């Protein structure tokens, strides 16, 4: 059975790796494989396990493909993007109040465009109107029906090397379009609200959220309390996130399987305690139904309620399915193996959500439980032997007077006081040993996955979790839930007590984080071989005692810990144009040096510097930048620079910024030398020449676009790339006058994102590029690139790449030029759908 369940999961995972959904021939092949494998398994006893596992794999592949076909059937036609469409529907989930408005999910019941297969769930942003005396967006509640006008775009996310595909997350949540509420028509709330079980749960979550916000008000850690109660993490402060990440305790912010399991155990104890003392029709309740069965049902019911409050995230689903399966088995008089329960939970989660395999939480949750079970099973025999020996020693000591050693012992029912103390000490030692063993297993097992998904390992994780997990589980979470169960004003003391306990924990974690510098060990994202070798090493290290060469398991982790290989040989370089939406961020890597040209938007827009640029650098193994070039002061180029300075070591800042810009002092405070970008600057790294062509030395003049720093990078073979930032036609003419030959380049980062005020014909003739890269946002409000300008490039023999269509672009420049587009080499069936 385990093989079949794991085979089903493997088939689901394989489907999510496909560049396109199965055509009719692949469907036929899948059906043939299923029938042949199932027949062989049924008729050949020796091939039963393998045959049924292969058949289950084909079934999982086909099931996931069918679900994908159904979900992708809902899509917004391209012709209706960014057009005002009247929508009628209701609010779902918990709306999130943000600085720029309220973000919420909207379930569409009817659309004014009359489009069939219109997206059923869209994500909208309701911003305050720009007109004077405009009111803020109304308080949105789950189930409220509205008629409103919206401007939508197809579900689209940034696509970058080494980072998670954002479109997969949208697909998993069923969001098939995003956009904003349009001011073209005044939204109107309908009188009748929507109803249903899901909306009832959403309303309960809203009430719990509002109660906590009302009671705790401005408490510094109230966001964590909200997250523990209803699973909404948007209220968690940035300071708390940084602390949790540094100490490896961010999993405690979410309602995880650990919390649900603890609460379910507490519910089982309470239900059993009450049931034992309950009398029904004059008879003791346990005579009607056994107390353990009632406790099991109570635990499963309470776990289901808590998982519903969490929004049924993947770890919550995993724990809930395991508890339900255990409860059903117990009621039926069976005791299934833990591995079988975990396998059934795995299959159930994927039946409900085949896209869960694209989520880090899925892998971390299931692998953590698998590691715990593996470690417990491996140590079971040794622990059993130790327990038997300890009991024998205690019994012998209890029955023999130490002063009469050598005489014949006499049996006595009287227990010595020291025996009770000895038993207590032995039990405590076992529990501590078991806790250490579990923490060791989880730390070792999740380290490769943590590096793969987050490019880091929290060094303080084992120590911090050793006291943070029981503290949160035994104090904070029960107090929070008890406060929600009690009516006002009885809830306030418990919620304040939960926050007080949480404050003590946060202070302890902060002191622990300050004691170790740095608290995080950053590692490059591993490839397939390194990840597979590390996983084999994990199973090897957690094997039972006596397993051959268990001490050699760390050898398999060496590829995971090895530094990232340099992407370019001596004299060559690599340019990675990141997909950050509307903005610019380019990474230049030579054999031993790295340069970042612009850092994308910052907090004033999409947080791309923090969300994309910094994680990409860490995933690529770039922990120090030899130079950070900020071309000019526009926020889509300079906004992410503070996040880069905070997370990445920068040796030199080269920028075209006003002297009053705070970035200068920020860079100097972090130990970087600061220099203004000016024409004539030149340096060589690893045989690669860097030259600044613009602006001219002297005081900055004109608007920021005219001040843009223009950089040319040339390989030892004479191949060059030109970074033109946001220069416009007037600067292009000046550059041609200063030296047409200096502009010659094989790769051009298109000036000003392809606006109609740049990329003039004489400039393109002077550069003569073989490849041109457009860094533009999907359906951006500036409508970059301008159709005329894009046609100007398309009419030339130039290879084109657009970040809104191709994702990130990677260009290796040496003797030859190799262009790689992310959405081509890492294609998935949901891209562009």
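The values are calculated or read from the model by the stated rules, or taken from the named source; none is laboratory data. Values in this document were obtained by computation on a predicted structure and should not be read as measured data. Note that we place each Cβ from the backbone using ideal geometry, even for glycine, and neighbour counts take in every protein chain shown.
In the list 588, 516, which residue meets the criterion of being surrounded by 18 or more Cβ atoms within 10 Å (Cβ to Cβ) and touching a residue at least 40 places away in the same chain (Cβ under 8 Å)?
Step by step, each of 588, 516 is checked, and only 588 is surrounded by 18 or more Cβ atoms within 10 Å (Cβ to Cβ) and touching a residue at least 40 places away in the same chain (Cβ under 8 Å).
Suppose we keep only residues that are in contact with a strand residue (DSSP E or B) (Cβ under 9 Å, 6 or more places away or on another chain) and in contact (Cβ under 8 Å) with a residue 60 or more places away in the chain within region 158-172. Which one would you say is surrounded by the most Cβ atoms within 10 Å (Cβ to Cβ)?
The selected residue is 160.
Those residues that are over 28 Å from residue 361 (Cβ atoms) and not in a loop (DSSP other than H, G, I, E, B), I need them from region 163-203; list them, please.
Listed by number, the residues that qualify are 180, 181, 188, 189.
Taking the condition in contact with a helix residue (DSSP H, G or I) (Cβ under 9 Å, 6 or more places away or on another chain), assigned to a helix (DSSP H, G or I) and surrounded by fewer than 16 Cβ atoms within 10 Å (Cβ to Cβ), does residue 433 pass?
Yes; evaluated as a whole, the condition is true for this residue.
Just give me the residues in region 664-682 being out of contact with any strand residue (DSSP E or B) (no Cβ under 6 Å at 6 or more places or on another chain) and in a helix (DSSP H, G or I), in sequence order.
Answer for region 664-682, where residues must be out of contact with any strand residue (DSSP E or B) (no Cβ under 6 Å at 6 or more places or on another chain) and in a helix (DSSP H, G or I): 665, 666, 669.
For region 683-800, list the helices (runs of 4 or more DSSP H) that sit wholly inside it and hold at least 2 residues that are without any contact (Cβ under 8 Å) to a residue 12 or more places away in the chain, surrounded by fewer than 14 Cβ atoms within 10 Å (Cβ to Cβ) and more than 36 Å from the chain's Cα centre (by Cα); which are they?
Helices (runs of 4 or more DSSP H) meeting the threshold: 787-794.
All but one of (1) surrounded by fewer than 21 Cβ atoms within 10 Å (Cβ to Cβ); (2) assigned to a helix (DSSP H, G or I) hold for residue 487; which doesn't?
Every condition holds for residue 487 apart from (2).
Report yes if residue 264 is touching a residue at least 40 places away in the same chain (Cβ under 8 Å), assigned by TED's automatic domain parsing to the domain that holds residue 299 and either part of a loop (DSSP other than H, G, I, E, B) or farther than 30 Å from residue 510 by Cα (or both), otherwise no.
yes
Could you tell me whether residue 15 is modelled with pLDDT of 95 or more, touching a helix residue (DSSP H, G or I) at 6+ places or on another chain (Cβ under 9 Å) and more than 24 Å from residue 176 (Cα to Cα)?
no
With the condition kept exactly as written, say whether any residue in region 606-613 is in contact with a strand residue (DSSP E or B) (Cβ under 8 Å, 6 or more places away or on another chain) and either at pLDDT 95 or above or not in a strand (DSSP E or B) (or both).
yes
What pairs come up if the first residue lies in region 110-131 and is over 14 Å from residue 185 (Cβ atoms), the second is crowded, with 17+ Cβ neighbours inside 10 Å and modelled with pLDDT under 90, and their beta carbons are under 9 Å apart, counting only those six or more places apart or on different chains?
125/101; 127/101; 127/137; 128/101; 128/137
Tell me, please, whether a residue that is assigned by TED's automatic domain parsing to the domain that holds residue 112, out of contact with any strand residue (DSSP E or B) (no Cβ under 7 Å at 6 or more places or on another chain), modelled with pLDDT of 90 or more and surrounded by 18 or more Cβ atoms within 10 Å (Cβ to Cβ) can be found in region 174-197.
No, region 174-197 contains no residue that is assigned by TED's automatic domain parsing to the domain that holds residue 112, out of contact with any strand residue (DSSP E or B) (no Cβ under 7 Å at 6 or more places or on another chain), modelled with pLDDT of 90 or more and surrounded by 18 or more Cβ atoms within 10 Å (Cβ to Cβ).
Whether any residue in region 815-833 is over 23 Å from the mean Cα position of the chain (by Cα), under 14 Å from residue 579 (Cα atoms), crowded, with 21+ Cβ neighbours inside 10 Å and in contact (Cβ under 8 Å) with a residue 24 or more places away in the chain is what I want to check.
Within region 815-833, not a single residue is over 23 Å from the mean Cα position of the chain (by Cα), under 14 Å from residue 579 (Cα atoms), crowded, with 21+ Cβ neighbours inside 10 Å and in contact (Cβ under 8 Å) with a residue 24 or more places away in the chain.
Condition check: touching a helix residue (DSSP H, G or I) at 6+ places or on another chain (Cβ under 8 Å), under 22 Å from residue 456 (Cβ atoms) and modelled with pLDDT of 90 or more. Does residue 502 satisfy that?
Against the criterion (touching a helix residue (DSSP H, G or I) at 6+ places or on another chain (Cβ under 8 Å), under 22 Å from residue 456 (Cβ atoms) and modelled with pLDDT of 90 or more), residue 502 does not qualify.
In the set 22, 95, which member is in contact with a helix residue (DSSP H, G or I) (Cβ under 9 Å, 6 or more places away or on another chain), within 30 Å of residue 189 (Cβ to Cβ) and surrounded by 18 or more Cβ atoms within 10 Å (Cβ to Cβ)?
95
Tell me the helices (runs of 4 or more DSSP H) entirely within region 271-375 that contain at least 2 residues that are surrounded by 18 or more Cβ atoms within 10 Å (Cβ to Cβ).
Helices (runs of 4 or more DSSP H) meeting the threshold: 291-309, 314-331, 338-352.
Is at least one residue of region 4-22 part of a helix (DSSP H, G or I) and free of Cβ contacts under 8 Å to residues at least 12 places away in the same chain?
Taking every residue of region 4-22 in turn, none turns out to be part of a helix (DSSP H, G or I) and free of Cβ contacts under 8 Å to residues at least 12 places away in the same chain.
Return only the number of the condition from (1) free of Cβ contacts under 8 Å to residues at least 40 places away in the same chain; (2) part of a loop (DSSP other than H, G, I, E, B); (3) surrounded by fewer than 24 Cβ atoms within 10 Å (Cβ to Cβ) that residue 601 does not satisfy.
Result: residue 601 passes all but (3).
Taking residue 729 as the residue in question, decide whether it is in the same structural domain as residue 785 (by TED's automatic domain parsing) and modelled with pLDDT under 95.
Spelling it out, it is not the case that residue 729 is in the same structural domain as residue 785 (by TED's automatic domain parsing) and modelled with pLDDT under 95.
Out of curiosity, is residue 157 over 23 Å from residue 74 (Cβ atoms), touching a helix residue (DSSP H, G or I) at 6+ places or on another chain (Cβ under 9 Å) and not in a helix (DSSP H, G or I)?
Answer is no for this residue.
Of the conditions (1) at pLDDT 95 or above; (2) touching a helix residue (DSSP H, G or I) at 6+ places or on another chain (Cβ under 8 Å), residue 589 fails just one. Which one is it?
Evaluating residue 589 over (1) at pLDDT 95 or above; (2) touching a helix residue (DSSP H, G or I) at 6+ places or on another chain (Cβ under 8 Å) leaves (2) as the failure.
Within region 206-253, how many residues are assigned to a helix (DSSP H, G or I), under 16 Å from residue 506 (Cα atoms) and in contact with a strand residue (DSSP E or B) (Cβ under 8 Å, 6 or more places away or on another chain)?
Number of matching residues: 3.
Within region 25-75, work out how many residues are closer than 26 Å to residue 822 by Cβ, in contact with a helix residue (DSSP H, G or I) (Cβ under 6 Å, 6 or more places away or on another chain), buried (at least 19 other Cβ atoms within 10 Å of the Cβ) and touching a residue at least 60 places away in the same chain (Cβ under 8 Å).
Total meeting the criteria: 1.
List every residue pair whose Cβ atoms lie under 7 Å apart, where the two residues are 6 or more positions apart in sequence or sit on different chains, the first residue falls within region 185-200 and is within 19 Å of residue 93 (Cβ to Cβ), and the second residue, located anywhere, is part of a loop (DSSP other than H, G, I, E, B).
Within 7 Å, the pairs are 189/144; 193/143; 193/144; 194/143; 195/143; 199/142; 199/143.
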